[in-house]
Amino acid sequence: MKSYFDEQNLSKTHGQETQPVKNRHFLKTFFALFGLGTVGIIFLVPALIPLIESQLQTLPDAPDIPVVVLVLLSLINPLILLVAAVVVGLVTAPKTGLISHLYFQINRKADDPKKGSFKQAVPIGIMAGAGAAALVFVLDLVFQPYLPRALQMSRESRNLLNTLSGIFYGGITEELLLRWGLMSLLVWGMWKGFQRSRSAPSAAVFWIAIAISSLLFALGHFGATALAVPMTTAVWTRMMLLNGLVGIVFGWLYWRKGLEIAMISHAFFHIAMTLFIVVWFLI
């Protein structure tokens with residue numbers, strides 16, 4: 001028979017064995033998500049080169065620094081934010097019920113039955129992305145008469161370059177930053193701050209987090225928009241409304257179906273937008 005002390009020693013040994021496993025799973029998940037986000041940042045580079053070149057032309061005393069160096073320097077902030085978002089999401093998301101199917105796979109956990117399997121949820125993400133694109137396309141047509149030339153629809157406004165940037169940087173990196181990092185932190189913070197007695201955050205907490213992260217998602221487009229055109233009332237309203245609406249769609253999908261489904265929806269949104277504009281001008 002095992003003595004009490006034998007059982008205690010076995011328990012301690014078991015605990016010591018499982019902690020390194022947890023650490024390995026944490027690191028594997030971190031590098032998997034960070035790697036995906038880095039791919040998205042790489043696809044941002046082709047769009048940054050002409051933007052930086054045009055900015056240099058407007059400066060009277062432009063620095064004598066190669067464009068390649070300036071592009072690499074401009075990637076430092078997104079990489080730092082990506083690291084922070086991935087870590088914050090890993091710490092907070094699993095505690096709140098927000099999921100990543102990749103996280104489940106690496107940590108050898110079964111899918112949440114309430115959210116369904118990844119394969120079951122993929123069509124929902126695709127349809128939601130297409131639906132969001134259709135809504136944004138129609139609303140953008142309403143704004144067209146009030147927008148400066150640079151923001152008006154044209155055959156060139158949705159080329160292969162910015163579509164790929166939208167698919168990979170928007171679909172992967174922005175979802176890691178805004179949903180996995182920011183939204184998870186907001187849900188966890190409000191839950192611990194205002195609903196500590198509850199075993200899980202309420203639906204209201206999730207909706208508030210979706211709204212705040214969508215607002216910040218829309219505001220995140222300010223820099224690029226302001227560089228392209230003057231920020232008139234119409235430009236400002238369009239930027240906040242259209243980006244805010246799609247942010248709500250992606251936030252809801254993250255909550256209900258998982259991070260990767262929000263990524264797929266975001267990516268398909270950009271594919272559908274390009275198709276809508278190409279068909280519109282062919283007609």
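We did not get these values from a lab; they are worked out from the coordinates using the rules stated. Because the structure is predicted, anything quoted here is derived from the model rather than measured. Heads up, the Cβs are rebuilt from the backbone with ideal geometry, glycines too, and the neighbour counts pull from every protein chain shown.
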With each label point set 7 Å from Cα along the Cα-Cβ vector, what nm distance links Gln105 and Arg196?
3.9 nm
What per residue convex hull volume, in Å³, do the alpha-carbon atoms of the chain yield?
171 Å³
Between Leu215 and Leu73, what's the calculated FRET efficiency when r is the beta-carbon distance and R0 is 25 Å? Round to 0.05.
0.30
Output wanted: per-residue J couplings in Hz (rounded whole) for the stretch 125-134, from phi through Karplus 6.51 cos²θ - 1.76 cosθ + 1.60, θ = phi - 60°, x for Gly and Pro.
x, 5, 5, 5, x, 5, x, 5, 5, 4
Rounding to the nearest 20 debye, state how big the charge dipole of the chain is about its Cα centre with +1 on each Lys and Arg Cβ and -1 on each Asp and Glu Cβ.
1060 debye
Which of Val39, Leu98, Asn159 sits closest to the plus end of the dipole of the chain, meaning its Cα is farthest towards the positive end, when Lys and Arg get +1 and Asp and Glu get -1 on the C-beta?
Leu98
Starting from the Cα of Lys114, step 7 Å toward the Cβ, then list every residue of the stretch 261-283 with an amide N under 18 Å from that point.
261-262
Farthest towards the positive end of the dipole of the chain, among Ile210, Phe118, Trp236 and with Cβ unit charges of +1 on Lys and Arg and -1 on Asp and Glu, lies the Cα of Phe118
DSSP-assigned coil residues among GluC sites (Glu not before Pro) in the stretch 140-192, each with at most 10 further Cβ atoms within 10 Å:
Glu156
Trypsin sites (Lys or Arg not before Pro) in the stretch 169-211 lying in a DSSP loop, each with at most 15 other Cβ atoms within 10 Å of its Cβ, come to Arg196, Arg198
In the structure displayed, which of Lys119/Lys192; Lys95/Lys119; Lys95/Lys192; Lys28/Lys192; Lys109/Lys192 lie more than 22 Å apart, Cα to Cα?
Lys119/Lys192; Lys95/Lys119; Lys28/Lys192; Lys109/Lys192
Put in order of increasing Cβ neighbours within 10 Å, starting from the fewest, Asp61, Asp112, Asp140 give Asp61, Asp112, Asp140
Run the dipole for the stretch 123-254 about the Cα centre, Lys and Arg Cβ at +1, Asp and Glu Cβ at -1, nothing else charged, and hand back the magnitude in debye, nearest 20.
260 debye
Derived scalar couplings ³J(HN,Hα) [the stretch 246-261; Karplus, 6.51 cos²θ - 1.76 cosθ + 1.60; whole Hz; x for Gly, Pro]
5, x, 5, 4, 5, x, 5, 5, 4, 5, 8, 10, x, 4, 5, 6
